[in-house]
DNA sequence: TGTAGTGCTACACAATTCGTAGCGCAAGCT
DNA sequence: AGCTTGCGCTACGAATTGTGTAGCACTACA
């Protein structure tokens, strides 16, 4: 758990998983989806998430693995929470 | 959602919420629960999470708000995922 | 008047991230 | 062959963020 919290608590990590939840994206597409995050960090995060077996690089671009998609589902829950939460803020 | 992803994607943010999921903790107790993170960042994160209304400071220490606890529930789901995921790694 | 514990600040150092430029490569066109 | 276009990704100085340690101001209790 701590390993995961640590990995997800790095810049763009959660965002990358969120942006890939639907379909695979190319490096550049992912980058522009992530507010043009700097390519160095982006690539570093991709490598880390790949090491954690949460995503892989396919011919169609970067895509979540089956494990990554399980995590993606949790992010959808998080999104539901975010909407409920935004109203009360 | 982006606001939330950005806030949670900062060092110790997720960890703080995770450590507070059970009971309130004092500043120092929280600090030692978080691998003795440096007090400056810890305090900064606490201020940010307080601004987002996810936690408050009570007489018993720092505690999740009702919104924070809703998020805490999602972290428990994340923990279940983490355990399943750790086996496959 | 001391001692012990608290929340928290200060500050120099280290690590991380940003922003921009551009390399090397493959595909397609002329 | 040459030329362009788009790709994944690297390089690197500047800016931002986090670390580690010391210790202040305060309260409670002896």
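Name the most mobile residue of B:17, B:78, B:30, meaning the one with the largest mean-square fluctuation, in a Gaussian network model of chain B with Cα contacts below 10 Å. The residue with the greatest mean-square fluctuation here is B:78.
Between residue B:89 and residue B:1, the modelled labels are 2.6 nm apart [label points 7 Å from Cα along Cα→Cβ]. Treating each Cα of chain B as an identical point scatterer and summing with the Debye formula, the log10 of I(q)/I(0) at q = 0.15 Å⁻¹ comes to -0.55. The mean number of partner chain beta-carbon atoms within 10 angstrom of a residue's beta-carbon across peptide A:72-84 is 4.
Could you tell me which of rounded, prolate or oblate describes the range A:11-55, using a ≥ b ≥ c as the square roots of the eigenvalues of the alpha-carbon gyration tensor, with rounded for a/c under 1.5 and, failing that, prolate when a/b is larger than b/c and oblate otherwise?
Working: a/c = 1.63, a/b = 1.12, b/c = 1.46.
Note, shape of the range A:11-55 comes out oblate.
Here is how the number arises for the protein assembly as shown: DSSP H runs of 4 or more residues each give -39500 (n - 2.57), the sum is divided by the residue count, and the result at 222 nm is -19000 deg cm²/dmol.
Fewest-first ordering of B:40, A:26 by other beta carbons within 10 Å of each residue's beta carbon gives B:40, A:26.
Taking every Cα-Cα distance in the protein assembly as shown and sorting them into 5 Å bins starting at zero, the pair-distance distribution P(r) comes out as 1, 8, 17, 21, 19, 15, 11, 5, 2, 0, 0, 0 percent.
Computed from Cα positions, the angle between helix A:39-51 and the longest principal axis of chain A comes to roughly 90 degrees.
What shape does the range B:31-79 take by its C-alpha gyration tensor, where a ≥ b ≥ c are the square roots of the eigenvalues and a/c under 1.5 counts as rounded, a/b above b/c as prolate, and the rest as oblate?
On the way: a/c = 1.79, a/b = 1.26, b/c = 1.42.
Cα axes put the range B:31-79 in the oblate bin.
Look at the stretch B:9-16: the mean tally of other chain Cβ atoms within 10 Å of its residues' Cβ atoms is 5.
Each reported figure results from applying straightforward, stated rules to the coordinates on display, with no laboratory input. Bear in mind the structure is a predicted one, so any value in this text is a computation, not a measurement. Methodologically, a virtual Cβ is constructed for each residue, glycine included, from the backbone with ideal geometry; neighbour enumeration extends over all protein chains shown.
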